[in-house]
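Structure first, then comments.
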Amino acid sequence: MIPPEAKEETLKTKRPFLLFIALLALVAMLAAACGDDEEDTTSETAAAPPASSTAAPETTAAETPTSETAATEETAATEDTAAPEDTATSEATEATSAESTAGGEVAPIKVGLVTDVGGLQDKGFNQLSNEGLQRAVAELGATGEVRESKAPTDYVPNLTFFAQQGYDLVIAVGFLMGADLGNVAKQFPDTKFAIVDFSASDEAIGGSTNVLGLLFKEQEAGYLVGYLSGALHKAGGFKGLNDQNTISTVGGVKIPPVDRYIAGFQAGAEAANPGMTFLNGYSNDFVDKAKCKELAADQISKGSDIVFQVAGDCGLGALEAAGEANVWGIGVDKEQSTEGPHVLTTALKKVDEVVFTAIKSAADGTFQGGTDLVLGVAEGGVGLGIVSPDVPQEILDEVDAQVEAIKAGGVEIPTEVP
């Protein structure tokens with residue numbers, strides 16, 4: 001039997017060891033508990049449904065996406081979700097754009113311009129038409145292209161070219177293209193056309209509702225330069241004028257816009273100085289300067305001391321003849337005082353303005369095919385150009401009074417040559 005003292009001594013010796021064993025057992029229990037929690041968490045994560053409402057495709061371990069792939073898929077999912085919103089926005093924008101155009105805002109359009117045989121260097125209405133087109137390019141954002149006609153046989157191919165290329169508006173410059181434009185317009189009913197110096201109501205257009213006529217009251221401009229001429233003769237003593245009281249006109253082809261100028265010129269001169277003598281001739285050409293120069297020289301030899309040219313590029317020859325004979329010349333359509341100090345003034349026709357207006361109407365939705373846009377003095381479409389500084393102020397005042405009378409509708413001016 002072990003004495004009590006010995007037992008107590010043995011317990012004292014073993015106690016530290018037993019405490020160490022108990023501590024190890026406690027650590028082992030805690031470690032086991034942590035392992036169970038981790039397993040539960042992993043199971044719950046695997047069992048949770050995917051965040052996306054659309055189940056992701058099943059993959060094997062080899063197909064597990066990398067973080068880059070996952071990011072790409074997430075971006076694609078985001079784009080797919082946003083697509084309906086983008087479509088809706090696009091549709092709303094298109095609707096707004098359509099409403100804006102209908103409301104008068106300008107949309108960029110393609111415009112084709114076809115000159116007559118006079119070409120862009122005629123210092124007249126072809127050049128002015130191109131200036132109107134270039135203004136539309138600069139101010140309206142239009143796309144513009146010009147095709148110059150070298151012969152009348154170029155009219156149909158040039159007009160057709162623009163229509164076939166899908167241009168929004170095709171502009172023909174000049175009365176002589178009327179019949180050809182009428183035929184082309186019928187073949188392309190969805191294309192808008194406009195023509196300078198030709199009425200949309202003319203039988204050659206055939207009632208096409210896609211053609212806009214761009215017309216002028218040339219008789220009003222002719223009247224003003226005629227009145228100036230007559231007033232100078234009546235006053236007397238003006239340099240370059242003789243005592244024969246004779247003035248003349250050189251027309252190109254005998255067509256309505258040419259005759260309106262001439263009729264107005266004769267009426268204005270007669271109103272200012274009754275009993276004037278008038279000489280008139282036609283070169284039957286708008287290009288050959290020699291023809292008009294010869295015709296003007298003949299008129300000057302018969303006593304004309306003021307020659308009004310109404311023949312485009314050809315008419316510059318008439319102005320040249322006037323300068324060489326030391327008499328006065330009057331220009332037409334575009335300011336022609338640059339031709340020399342012998343140019344008394346110019347009967348202006350602002351073709352650039354009417355071309356720009358036509359383009360703007362096609363762009364903002366106000367284009368009215370089947371009608372005519374007609375401009376006179378009151379509308380700012382025709383008028384008097386730069387007047388020679390040699391003309392006395394009292395004569396200028398008389399002419400200004402006539403301008404106001406025309407605006408007020410108080411002057412009846414013929415449109416046909418007697």
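The values are calculated or read from the model by the stated rules, or taken from the named source; none is laboratory data. Remember, it's a predicted structure, so these values are computed and weren't measured experimentally. Note that we place each Cβ from the backbone using ideal geometry, even for glycine, and neighbour counts take in every protein chain shown.
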Problem set entry | Number of positions in the range 254-270 that are surrounded by fewer than 18 Cβ atoms within 10 Å (Cβ to Cβ) and over 17 Å from D305 (Cβ atoms) | 3
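Residues are listed down the side, and each one gets a yes or a no for (1) closer than 30 Å to A172 by Cβ; (2) buried (at least 21 other Cβ atoms within 10 Å of the Cβ):
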site	(1), (2)
T345	yes, yes
F356	yes, yes
L373	yes, no
E379	yes, no
D390	no, no
V403	no, no
E416	yes, no
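Any chance you could count how many residues in the range 102-160 are at pLDDT below 90 and not aliphatic (A, V, I, L, M)? Break it down into steps so the answer makes sense when it comes.
Applying the first criterion (at pLDDT below 90) to the range 102-160 yields 102-108, 118-119, 121-125.
Of the ones still in play, those that are also not aliphatic (A, V, I, L, M) are 103-105, 108, 118-119, 121-125.
Looking only at that region, the number is 11.
So is I330 among the aliphatic types (A, V, I, L, M), at pLDDT 95 or above and part of a helix (DSSP H, G or I) or not?
Values: among the aliphatic types (A, V, I, L, M): yes; at pLDDT 95 or above: yes; part of a helix (DSSP H, G or I): no.
So I330 does not fit the description; no.
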For this session: Select from the range 264-310 the residues that are within 37 Å of the chain's Cα centre (by Cα) and not in a helix (DSSP H, G or I) and list them in ascending order.
Result: Y282, S283, N284, D285, F286, V287, D288, V307, F308, Q309, V310
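Residue-by-condition table, conditions (1) of a type in the set (K, R); (2) closer than 23 Å to D116 by Cα:
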| site | (1), (2) |
| --- | --- |
| T345 | no, no |
| K349 | yes, yes |
| V354 | no, yes |
| A358 | no, yes |
| T371 | no, yes |
| E379 | no, no |
Problem set entry | Looking only at the range 317-335, and only at residues there that are touching a helix residue (DSSP H, G or I) at 6+ places or on another chain (Cβ under 7 Å) and not hydrophobic (A, V, I, L, M, F, W, C), the one that is nearest to S283 (Cα to Cα) | G317
For this session: Scan (1) crowded, with 17+ Cβ neighbours inside 10 Å; (2) farther than 27 Å from A405 by Cα; (3) in contact (Cβ under 8 Å) with a residue 40 or more places away in the chain; (4) β-branched (V, I, T) for the single condition I205 breaks and write down its number.
Result: (3)
Exercise. Does D313 meet the test of being surrounded by fewer than 24 Cβ atoms within 10 Å (Cβ to Cβ), charged (D, E, K, R), within 29 Å of A138 (Cβ to Cβ) and at pLDDT below 95?
Worked result: yes
Seminar exercise, completed: Selection from the range 127-162 of residues in contact with a helix residue (DSSP H, G or I) (Cβ under 7 Å, 6 or more places away or on another chain) and among the aliphatic types (A, V, I, L, M) yields L128, L133, A136, L140, A142, V146, V156, L159
